[in-house]
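*Asks:* Following this message is one structure expressed as C-alpha cells.
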Amino acid sequence: MAKTQKTHVTMKVNGAEVEGLVEPRTLLVHFIRENLQLTGTHIGCETTHCGACTVDIDGMSVKSCTMFAVQAAGSEITTIEGVANADGSLSALQEGFRMMHGLQCGFCTPGMILRAQRLLQENPSPTEAEIRMGISGNICRCTGYQNIVKAIQYAAAKINGVEFQEAAE
Amino acid sequence: MNDMTPTREQREAKLEGMGCKRKRVEDARFTQGKGNYVDDLKLPGMLHGDFVRSPHAHARVKSINGDEALKVPGVLAVITAETLKTVNLAWMPTLAGDVQMVLADGKVLFQNQEVAFVVATDRYAADDGINKVQVEYEPLPVVIDPFKAMDADAPVLREDLAGKTTGAHGPRKHHNHIFEWTVGDKDLTDAAFKKADVTIKEMISYHRTHPSPLETCQCVCSFDKIKGELSIWGTFQAPHVIRTVVALIAKIPEHKIHVISPDVGGGFGNKVGAYPGYICAAVASIVTGKPVKWVEDRIENLTATSFARDYHMTTEIASTKDGKVTGLRVHVLADHGAFDACADPSKWPAGFFNIVTGSYDFPVAHLSVDGIYTNKAPGGVAYRCSFRVTEAAYCIERGMDILAQKLGMDPAELRLKNFIKKEQFPYHSALGWEYDSGDYHTAMRKMMESVDYAGLRKEQAAKRLAFKRGETREIMGLGVSFFTEIVGAGPSKNCDILGIAMFDSCEIRLHPTGAGIARVGTKSTGQGHETTWAQIIATEIGIPADDIMVEEGNTDTAPYGLGTYGSRSTPVAGAAIAMAARKIKAKAQMIAAYKLEVHEDDLEWDIDGFRVKGLPEKTMSMKDICWAAYNSVPPGMEPGLEAVSYYDPPNMTYPFGAYICVMNIDVDTGVYKIRRFYALDDCGTRINPMIIEGQVHGGLTEAFAIAMGQEIRYDPEGNVVTGSFMDFFMPTAVETPHWETDFTVTPSPHHPIGAKGVGESPNVGGVPAFSNAVNDAFSFLGSTHIQMPHDYWRNWKAAKSLGVFA
C-alpha cells in the first residue's frame, strides 16, 4: 500500500487562519483535535449520533466526525475554544451551564454549548420544547437534560436582556 | 465590634460548606474546552494501537497472519496471544477470580473479542493494518440462551477449565457453570411457603444492557526503559486498584508504576475493570519503547468492554391473606458471558444481591444464584448502582406489585403494611445485612401526598372503565417503587478487591496563609468531587471551600483509595475527609490554646475558628491558626498542619427513596407518554443539594433508558444486534421526561457526617418505577408481568397478546 498523497487545506478557526496537510480521508474532528491541538471538541461515537464533536461551520451546527477536513477547506469554524467573550469572560451560555448545573462529566458540554449557541441564533427565544428538539442531536449521559434546558433558558434571557425566570418544578 | 465585622450568617456563607448549593469549580475548564481527558494527551513519538476483533461468537482460531499488515505504511507491530505469552500476559486475572484472554488464545468466545493488536504511527494506519491481518476461524456451536447453557449436551465454552470442578466461589455443577451462591435459611423459608395463605411466583428478567459513558474506555501507556517505569494515563474509576493489578500481573515494582486518571467523561461502572486494551497498550509500549495510545470506538465499547445486568430472577413471595409478607425465595440465573469479569468485591460473586428483601420486614428468605458462561461479552459491571443492587430492587419491587395484584390490594398500601418500621433500625435482614437507618413510612406518605396518589388511582379507575366501554384506546399506569440501596463498600470485615480492604482515604495539607490541598483516593467521573469534598472540609475546619484545592486520580500523590463506584465515594471517602479534617482541627485547637493562653478545654469551635468559652471576643480564626502552625507552635509540637485518614467504614449505608411514575400508553401503537415522574430520595445528610438533584436527574434518565428500551441484544448466532447508537437506545432531550425531585433526611448513625451517597439511587429506584407503571397499566387486562425493556413495539405486542385488538 502506497503512502497516501496529502492535501493542503486552509480554513478560519476561531477567527484565526490555519492550515495543514491532511489525507483525503482525515476527519475534520481529527484535524481540529490533532493538527490544531484544539482538544475541546470531543468524540463519543462514530455514527453521528452523540454530538460531542459538534462545531459551528459557516453558520451551521456540524458534527465534525462526519465531515472530512478537505470538505471544510475555506470555511469559517467556531469550536468551544472560540466561544468565550472577547475579554476572556464566560459567554452567556457558558455561564448558564455553570449557574444551572448543566454539566457533570463535561464530555458532551463543548458540543452542547456549540449547538445551543447556534440554536439561540436561529431562535432567540425558544420554548422548552423547541430547546429540547433543538439539542436532540446531542447526547448527554449525566444530566438528564433538565438543567441543560435551564442553562439555555438562562443564556437566552441574558442575551435578550430579560430577567431569567427559573421554571417551577 | 464595629460595622465591618461579618455576621455569623456571613461567615457561614463565606465558607460554602455542607448544605450549600455551591457552583462547581470543575465547570470553568469544562465549559471552555479545557478539560483534560485521556484522548487529549499527545506525547512525543506516540503510537496508536487498535484491535483485530472476532466476527464470530464462538470459533477456533486456526491461524493469525500479520505479514501483510506489517507491509502497510506506518504499521510497526502486530501483537497476538503468542507475543503476550512471552511476557506471560496472554491471559489476565479478573476481579471475580476468573481468568480472561487478553488476546484470543486458540479460540474466541464472543463476538468482537480481541484477537490481535496492531500498533502504528497513527490511528488511521492502525486501522489499515487491522484490515490486512488474516485470521482463519473455524466456527463452533454458539450458546446465547442462558437457559440452554446448562443443558447436558451444551457446547463446552471454557476449554481452559476442563476438569476443574471448583471455581473461585466453590463447586461448579456443569462445564458452563461458574458458581452457585446461596444465602438465607432454606428450611425455614420452605416452611413459610408451605404455611402461606397466598404465594406468587414469577420469572422476572433484567435484560443485558451497557453503561456507555459518552467517553469510551481509553489509555496511554508509556514505558521508560532507562528507569524501568511505566506510566499509564487512563479512564479509570479506581486508579490505585489498576496500579496494584498491573504490579501483580506485569511484575513491575508498584512504585515504578504511575497511574493517572485525568478528567474522565463519565463512568457508570464501565471504567472499574481492567480491559485487554490496557494490557496491550502497556505491552506495546514496552516492546516499541514508545508511548502507545488505545482508544476504543463506540461499537467496541458496547460490544466488548463489559456489560451490565443479564439476571433472570425466579421470584416467589409468601404472604398472609391480608397482605403481610412471610417469606421470600429467589433463584437467579446470572449470565456472565464468556469470562467471569464481574466487578464486585471479591467475596461477593453476585454482589450485594442479598439486599433483595428490600424495604420490607421479611421474617425469612432464601436466595440462590447460579452464574453461567455463554458466548457473550464478559463484564457484569454495576451500571450506576451498587453491586447487583438494581437487579435486587427490580426483583422485589416487581414482586411486591405482583403480590398486590394477586391480593387485590393497592401496591402502595401493601408496601406501607410491610415496611421495616422506623423503630426497628438498626434492622437485621433475613439475608444478613444490618440496615443503618430509615424512615420509610414518612417518605412513602410524603410521596403519596405530593402527587395526590388517591386522586391518580381514581383517575385510573375511571380511565379503565372508559377503555372497557370503548371510549378510549389509552391506558394509564402508576408505577410505585420504594427502594433501599446498600452502598459504601465497604467494611474490611466483608469487602475487599483482590485482597485489598475497601477503605478510602484523604490527606489534607493546609498552607501558611490559610489555603490548602486535599488529596482523596476516589476519582470523580462527573460527580463534582472537586466541589463537594471541599465543602465537607469547609464545614469541618472553617476554611472557605474556595481555598481548598481537591486533587484525585494520581497514584503518586493521592493516598491509596479504592476509587469511585457503587456510590462509595461519599460513604467511605467522604468519611475519610471528615476524619482527616478532625485530626487537623484537634491540632489546631492545641495551637489556638497556646496562642490564646488558655487550656484547650476552655475553647469551643465557632464556624471558622476557636473562641474562649464565655469570652466570645477572644478568638483565633483557622486562617490565623494556619499561619501559627508554620511560625509559632507550642514547645515540643512539630510545625505544619496536615493530616491523613484511612477510613474503614463500620457498616454500609442504606439510602432509600419513594418514586412514582405516571404513564399513559396507547394500546394501538404501544406509544407511551410519561406524564409525571416524582422521586423522593433520602441520602442522609446532604452535602450539595444542587449536585444531588443533578445526580438524581441523571440516574433517572439512565433508568428511563434501561426500562424503556436500552438493551444489548444478541441474535441466536451471537451477533450483537444493538451494537451502536443507531440501535442502542440512548435518550435525547426529546424523549427524556421532566423530573420532579424531593427529599427527606435520615442521617446515617455511623457516618461521621451522616451522609449516605446518592448517585445510584435514582437508577436503582427508577427502573422498577417505570416497569411497574407499564405493568400496572396493562394489569387490568389480565397480565401479571411483562418483561423489560418496554419499548413501543413490545408494548404493542403486550397489548396484542392481551386481546385488545379482538
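Read-outs throughout are calculated quantities, based only on the coordinates presented, and are distinct from any laboratory measurement. Not measured: the values here are computed from a predicted model. Positions of Cβ are backbone-derived with ideal geometry, glycine not excepted, and every protein chain shown enters the neighbour counts.
*Asks:* Roughly speaking, what % of Cα-Cα pairs in the range A:1-130 are separated by over 20 Å, rounded to a whole number? The partial results should precede the final answer.
*Replies:* Working: 3805 of 8385 pairs.
Percentage above 20 Å: 45.
*Asks:* Continuing with this model, one more query. What residues have an amide H closer than 5 Å to that of B:PHE179, excluding those fewer than 5 places away on the same chain, when H is modeled at 1.01 Å from N in the peptide plane?
*Replies:* Sorted by chain and number, the residues that satisfy this are B:GLY371.
*Asks:* Name the lysines eligible as straight-distance cross-link partners of B:LYS618: C-alpha to C-alpha under 22 Å, and not fewer than 8 places from it in the same chain.
*Replies:* Those lysines meeting the cut-off are B:LYS14, B:LYS585, B:LYS587, B:LYS595.
*Asks:* Per residue of the range B:786-798, what does 6.51 cos²θ - 1.76 cosθ + 1.60 with θ = phi - 60° give for ³J(HN,Hα)? Whole Hz please, x for Gly and Pro, Karplus curve as stated.
*Replies:* Those phi angles translate into 10, 6, 6, x, 9, 7, 4, 4, 5, 4, 4, 4, 4 Hz.
*Asks:* Taking the Cα centre of each part, how many Å lie between the range B:737-768 and the range B:534-556?
*Replies:* The range B:737-768 and the range B:534-556 have Cα centres spaced 23 Å from each other.
*Asks:* Fewest to most neighbouring Cβ within 10 Å: what's the order for B:ILE517, B:ILE372? Mind showing how you got there, number by number?
*Replies:* Details: B:ILE517 15, B:ILE372 26.
With the fewest neighbours first, B:ILE517, B:ILE372 line up as B:ILE517, B:ILE372.
*Asks:* Can you give the Rg to Rh ratio of the range B:454-516, both from alpha-carbon atoms, with Rh computed by the Kirkwood formula?
*Replies:* Working: Rg = 27.3 Å, Rh = 17.9 Å.
Here the Rg-to-Rh quotient is 1.53.
*Asks:* Still on this model: In peptide B:690-699, what is the residue-averaged number of other protein chain Cβ atoms found within 10 Å of each Cβ?
*Replies:* On the way: counts 4, 2, 0, 5, 10, 4, 2, 9, 10, 2.
Neighbouring Cβ atoms belonging to other protein chains average 5 per residue here.
*Asks:* Rounded to the nearest Å, what's the spacing between the alpha carbon centres of the range B:426-463 and the range B:313-336? Just the number, please.
*Replies:* Here the answer is 19 Å between Cα centres.
*Asks:* Residue-wise, which Karplus ³J(HN,Hα) couplings in Hz belong to the range B:239-253, taking 6.51 cos²θ - 1.76 cosθ + 1.60, θ = phi - 60°, and x for glycine or proline?
*Replies:* x, 5, 5, 4, 4, 5, 4, 4, 4, 6, 8, 9, 6, 9, x
*Asks:* Still on this structure: Could you grab the relative contact order for chain B? Cα pairs under 8 Å, six or more apart, rounded to a whole percent.
*Replies:* Numbers: 2047 pairs, mean separation 124.3, N = 806.
Relative contact order comes out at 15 percent.
*Asks:* Taking other Cβ within 10 Å of each residue's Cβ, how do B:VAL369, B:VAL767, B:VAL156 sort, fewest first? Mind dumping the intermediate values first?
*Replies:* Details: B:VAL369 25, B:VAL767 36, B:VAL156 14.
Going from sparsest to densest Cβ surroundings: B:VAL156, B:VAL369, B:VAL767.
*Asks:* Can you give me the Rg/Rh ratio for the protein assembly as shown, using Cα atoms for both radii and the Kirkwood formula for Rh?
*Replies:* Values: Rg = 28.5 Å, Rh = 29.4 Å.
Dividing the radius of gyration by the Kirkwood radius yields 0.97.
*Asks:* Still on this structure: Just how large is the dipole of the range B:248-355 about the Cα centre, in debye to the nearest 20, putting +1 at every Lys and Arg Cβ and -1 at every Asp and Glu Cβ? Intermediate results must be reported in sequence, preceding the final value.
*Replies:* Numbers: 11 positive and 11 negative charges, 49 e Å.
Once rounded to the nearest 20, the dipole reads 240 debye.
*Asks:* Which whole-number percent gives the relative contact order of the range B:614-723, counting Cα pairs below 8 Å spaced six or more residues apart?
*Replies:* On the way: 67 pairs, mean separation 14.4, N = 110.
Computed over the range B:614-723, the figure is 13 percent.
*Asks:* Moving to a separate point now. In terms of the Cα gyration tensor, with a ≥ b ≥ c the square roots of its eigenvalues, is chain B rounded because a/c is under 1.5, prolate because a/b exceeds b/c, or oblate?
*Replies:* Since a/c reaches 1.5 but b/c is at least a/b, the shape of chain B is classed as oblate.
*Asks:* Sticking with this one: Tell me which of B:SER205, B:GLY477, B:ALA462 sits at the most positive position along the dipole axis of chain B, charges placed on C-beta atoms (Lys, Arg +1; Asp, Glu -1).
*Replies:* Value: B:ALA462.
*Asks:* Check which residues have an amide H placed less than 5 Å from B:ARG675's amide H, if you skip close sequence neighbours.
*Replies:* Under 5 Å from the amide H of B:ARG675 lie the amide H atoms of B:VAL662, B:MET663, B:ASN664, each far enough along the sequence or on another chain.
*Asks:* Find, among the trypsin sites (Lys or Arg not before Pro) in the range B:213-273, those assigned to loop by DSSP (not H, G, I, E, B) with at most 12 other beta-carbon atoms within 10 angstrom.
*Replies:* Numbers: sites: B:LYS225, B:LYS227, B:ARG243, B:LYS251, B:LYS256, B:LYS271; in loops: B:LYS225, B:LYS227, B:LYS251, B:LYS271.
Listed in order of number, the matching sites are B:LYS225, B:LYS227, B:LYS251.
*Asks:* Past 32 Å, Cα to Cα, is the threshold; run B:LYS376/B:LYS417; B:LYS256/B:LYS347; B:LYS271/B:LYS347; A:LYS63/B:LYS256; B:LYS107/B:LYS347; B:LYS21/B:LYS417 against it and keep the listed order.
*Replies:* Working: B:LYS376/B:LYS417 42 Å; B:LYS256/B:LYS347 29 Å; B:LYS271/B:LYS347 20 Å; A:LYS63/B:LYS256 41 Å; B:LYS107/B:LYS347 29 Å; B:LYS21/B:LYS417 37 Å.
Going by Cα-Cα distance, B:LYS376/B:LYS417; A:LYS63/B:LYS256; B:LYS21/B:LYS417 fall outside the 32 Å limit.
*Asks:* What's the center-to-center distance, using Cα atoms, between the range B:692-722 and the range B:76-117 in Å?
*Replies:* Computed from Cα coordinates, the inter-centre distance equals 28 Å.
*Asks:* Treating cross-link reach as a plain straight distance, find the aspartates and glutamates whose alpha-carbon is under 18 Å from the alpha-carbon of B:LYS195, omitting any fewer than eight places away in the same chain.
*Replies:* B:ASP185, B:ASP187, B:GLU316, B:ASP322, B:ASP361
*Asks:* So, one more: Taking the Cβ of each residue in B:VAL330, B:VAL764 as the centre, tally the other Cβ atoms inside 10 Å and list the residues starting with the fewest. Could the numbers behind the result be given before it?
*Replies:* Details: B:VAL330 27, B:VAL764 32.
Lowest count first: B:VAL330, B:VAL764.
*Asks:* Please enumerate, by chain and number, the lysines with C-alpha under 25 Å from the C-alpha of B:LYS422, excluding those fewer than 8 residues away in the same chain.
*Replies:* B:LYS321, B:LYS324, B:LYS446, B:LYS756
*Asks:* In deg cm²/dmol, rounded to 500, what helix-only [θ] at 222 nm does chain B give when every DSSP H run of at least 4 residues adds -39500 (n - 2.57) and the total is split over its residues?
*Replies:* On the way: 19 runs with 220 residues, N = 806.
Theoretical 222 nm ellipticity from helices: -8500 deg cm²/dmol.
*Asks:* Skipping prolines and chain starts, which residues have an amide H placed within reach, meaning under 5 Å, of the one on A:PHE68, given they are 5 or more residues away or on another chain?
*Replies:* Long-range HN contacts for A:PHE68: A:LEU28.
*Asks:* Residue by residue through the range B:693-701, which ³J(HN,Hα) values in whole Hz follow from phi under the Karplus form 6.51 cos²θ - 1.76 cosθ + 1.60 (θ = phi - 60°), with glycine and proline marked x?
*Replies:* Karplus values, whole Hz, x for Gly and Pro: 4, x, 4, 5, 4, x, x, 5, 5.
*Asks:* Kindly provide the helix-only [θ] at 222 nm of chain A, computed as the sum of -39,500 (n - 2.57) over DSSP H runs of four or more divided by all residues, to the nearest 500 deg cm²/dmol?
*Replies:* Numbers: 4 runs with 44 residues, N = 169.
Value at 222 nm, helices only, nearest 500: -8000 deg cm²/dmol.
*Asks:* Given Cβ point charges of +1 (Lys, Arg) and -1 (Asp, Glu) and nothing else, what value in debye, to the nearest 20, does the dipole of the protein assembly as shown about its Cα centre take? Let's see the in-between values first.
*Replies:* Numbers: 96 positive and 117 negative charges, 221 e Å.
Dipole size: approximately 1060 debye.
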